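What follows is calculated from the coordinates using simple rules that are stated; it is not laboratory data. Since the structure is predicted, the reported quantities are computational estimates derived from the model, not experimental observations. Backbone-built Cβ (ideal geometry, glycine too); neighbour counts: all protein chains shown.
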């Protein structure tokens, strides 16, 4: 269905249209915020907040991007703000150097590639991490990422390239092995 | 993955990356219920707040609903008392639990309009109460299934229980189907209202099993007129 038609139905108070909008986009939103948060409770909180805001701000949607992209931009904003707040509260921000050291120990001491990669991804700068997860893990295009994050496509490509380079360095011994 | 000029990751790394924070199945219905309830509440809770904080943020509104329904019901009971003077009561003993005193009869009140007016008031109060109870129990069941502990559930259940008892003591309960539903609902609400922190695990299971066994949510949804949910979402009350 055309985004504008669906939006006009929602704005007219059509409850089935609200549900339709939710059903259409919830999977993508939830997957994205879960990738960012890694926690079911947080992912549900962020998904809920995303749709609350989306329904509340539908009148601000100008149709410059697809509705799904607009909703995902809200989701990323909500998730990153929530994660930053949580990070401040926990005051356990991992220093990049420390994380890099943790990500490149002796291979025999930490044989699980997934665990090491996860720690290396956690240690990426926020912008790199978001682009990497959106592109290489969730399959977004650079154009979608650019519109979602409000950055140029070239910026998205550059950040992905740097993210991959950092991950390769962090896991170099695996690549050689 | 289009438009990528950079060399992609090795397949082994790419596969490992896809296991990073791999999302479980989306809890669609539970999320939808949460969104509906949150939208019906006052805005103000910030994103990232823990669920308990958001429940605390919306619970006052739930209580306000309850108080609004109770007030509406008391008004209906008052009108009902007025109409007692002009027509036979619907029940043998319509004495309300509500402490609100009945307003004195007014000569200007058109007696002929009273039956339709109080019936409408009771119908509206019952419909709003059932809609609110359905929303609460849906959220409660979803929270239990997900392992959350909604600390404020007993307080909300007590508020709903008070309204439920008002309705049971009102002419609205003259309808046998509604009376049976309210009686069954009372048992469920009383169980939640009395949840003891130290025995929650087994008690929660008994309550949710009872909900399933009695088909309470299905019965509530069937009893709530279409549009009542939308009215809640828009904060009509």
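Data table
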read-out	value
Within the stretch A:134-174: backbone nitrogen closer than 13 Å to the residue A:57 label point (7 Å, Cα to C-beta)	A:148-150
Near-label residues of the stretch B:175-194 by backbone N, under 16 Å of a point 7 Å along Cα→Cβ of residue B:146	none
Partner chain coverage, peptide A:17-24 - average Cβ within 10 angstrom	2
Relative exposure of A:134, B:216, judged by other C-beta atoms within 10 Å (fewest first)	B:216, A:134
Residue B:190-residue A:112 FRET efficiency (beta carbon distance; Förster radius 51 Å; 0.05 resolution)	0.50
Packing rank of A:122-133, A:51-62, where each peptide gets the mean count of other beta carbons within 10 Å, highest leading	A:122-133, A:51-62
As computed over the stretch A:111-164, the Cα convex hull volume per residue (Å³)	65
